[in-house]
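Values in this text are rule-based calculations from the coordinates and carry no lab data. Being a predicted model, the structure only gives us computed values, none of them experimental. All Cβ positions, glycine included, derive from the backbone under ideal geometry; neighbour counts span all protein chains shown.
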């Protein structure tokens, strides 16, 4: 038996996508915080199979900034839709 089709609006789909991204970034943040202080962290170049060595603290701050940005965008969308 197939799953029922659910009609999801564009705003709902964007909200679901933002929630998923925030969740993934929080997992990443948790994983980074559990690493040793001098652990090596590699970041994948976007749309590529190339990885570069990066600073753990820099990676954590980028992750935090991305979470904050996504949460702000999500709040704005919720305020406009209300």
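General observations
- Looking across 45, 60, one residue alone is closer than 30 Å to residue 77 by Cα and loosely packed, with under 11 Cβ neighbours inside 10 Å. It is 45.
- The residues listed here are 58, 80; of these, the one that is more than 19 Å from the chain's Cα centre (by Cα) and in a helix (DSSP H, G or I) is 80.
- Residues of segment 59-75 that turn out to be out of contact with any helix residue (DSSP H, G or I) (no Cβ under 9 Å at 6 or more places or on another chain) and under 19 Å from residue 30 (Cβ atoms), as a count: 5
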